[in-house]
Structures are given as structure tokens and as C-alpha cells.
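The values are calculated or read from the model by the stated rules, or taken from the named source; none is laboratory data. It should be emphasised that the depicted structure is a prediction, and the values quoted were computed from it without experimental measurement. Here the Cβ positions follow ideal geometry from the backbone for every residue, glycine too, while neighbour counts run over all protein chains shown. For the accessible areas, the whole protein counts, side chains as well, though only heavy atoms, and no ligand, DNA or RNA atoms are used. Shrake-Rupley method; radii C 1.70, N 1.55, O 1.52, S 1.80 Å.
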Amino acid sequence: MPHEDRIAGTATVLAELFQQTDRDRLQPLLAQARFRTFREGELLLAEGDKAHEVFVLWSGRLHVYTHQPDGHWAGAGSIDEPGRLVGEQALLGDRRFRNATVVALTDGELVALPGQLFRALIATDAHARRQLGDRVSLQTRQRLLSIARTLADLGELPVDTNSRQLLPGEPLFAAGEPADTGYLVVSGELALY
């Protein structure tokens, strides 16, 4: 597919994401879009690096790795869907740094978009923030469940990987209850009283 078609496809991906943004506001982002190829084994993003771009994958397969506290690297998943954003988490909210390493498993193509402009658009489009936030919550939940299963397999902790959704105002636990359970908050907010 010619480079122009990849840029046009990127415009479609952005229009779907930024549904509450005037299409004219997407033009500066698209004007600075850069088509690029990558090779098998190429490091595309490194955990801890400052984020300057977000990518739209068009061909190839990528694998996401995260650095574990014990020094090992763990695979967090693969990305191979054309039109999929890559590296967007580092541009959400007040984040600035990559939270994972991404390596190419095959040769492929992507479009790079300037992070500063992408961040500015997210700040003004509630639909985009919600969609990206939901994606981050799902990925976080999957990663936490994977860690919990690993701990259970090691016999380190008795782990119940059931999720629980609280209604607004519903207590998670009350004062005086036995402290025999730990919780990981995947999304939302809890207040302590």
C-alpha cells in the first residue's frame, strides 16, 4: 500500500477516536505524520524513555514487554491489528514516559504522529479520553491478573482473581473487618474514611 494510503488510513483512525473534535483540528497532526518501516527485532519503544510520538501500526507484528521487579522481562502481549495505536499510554494525562518496551517480531509499517499534538487533542476530546482510558484499564487488569496467577502458581499467595465492581458510595470494606484481603484498583477512585 502506498504511503499516502497509510496516511489516509491514519486520518480515519483518528476521526474514529476523536469523535468530538472538529476534523480541521486533526490536520496539523496529520500534516506532521511520518510513514516508516521497521525490521524484525527492531526496538520501537523502550520502557522508561520519554514519549515524543504515538504510532499507528499498519503491517507487521509487535510484542510488548515489561520489566519485572526481579529484573526479568515479561511478555505482556502482541499487537498485529492494522490501524491499532501503539505507545499512546505514555501520552495520557500527566504521563510522560514509556511503561513498556515494544519490539518488532516481523518487518512492518507504521505511521508516527507527534506526541505533543496528540496529547493536546486528547485533552479536549472526552470521547477519546474515555476510549483510551478504557483500553488502559483493560490492559492493566489483564496484566494484574497475569501477575496474580503467577503468584498463585508459585504458592506465594492464595489469590482470588475475581473482579468486583462497586457502585458509587458502596464500601469496599469496613473498619473492624479482618484485614485478610488485598485489593488492586484497576479503574475509578476510592476514598478512605
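Accessible area per residue for the chain is 63 Å², calculated with a 1.4 Å probe on protein heavy atoms, without ligands, DNA or RNA. Candidates Gly176, Gln19, His72 compared by Cα position along the dipole of the chain: farthest toward the positive end lies Gln19, with charges placed on Cβ. Carbon-plus-sulfur accessible fraction, the chain (probe radius 1.4 Å, protein heavy atoms only): 52%. Converting phi to 3J(HN,Hα) with the Karplus coefficients 6.51, -1.76 and 1.60 and the offset θ = phi - 60°, segment 7-22 yields 5, 4, x, 5, 4, 5, 4, 5, 4, 5, 6, 9, 5, 9, 10, 4 Hz in sequence order, with x at every glycine or proline. Given R0 = 25 Å, the distance between the Cβ atoms of Leu144 and Phe173 translates into a calculated FRET efficiency of 0.85. Mean sequence separation of contacting Cα pairs (under 8 Å, at least six apart), scaled by the length of segment 54-144, corresponds to a relative contact order of 35 percent. Between Asp180 and Ala46, the contour length at 0.36 nm per residue exceeds the alpha carbon distance by 44.5 nm. Ranking Trp58, Trp73 from most to least accessible surface, computed with a 1.4 Å probe over the protein chains only, gives Trp73, Trp58. If I compute Cα Rg over 2.2 N^0.38 Å from the structure I just sent, which labelled value in [x] 0.98; [y] 1.09; [z] 1.19 lines up? Correct label is [z].
With a Förster radius of 22 Å, plug the Cβ-Cβ distance of Trp73 and Phe97 into 1/(1 + (r/R0)^6) and report the FRET value to the nearest 0.05. Using R0 = 22 Å, I get an efficiency of 0.80. The Thr106 and Gln27 beta-carbon pair, evaluated with R₀ = 45 Å, returns a calculated FRET efficiency of approximately 0.90.
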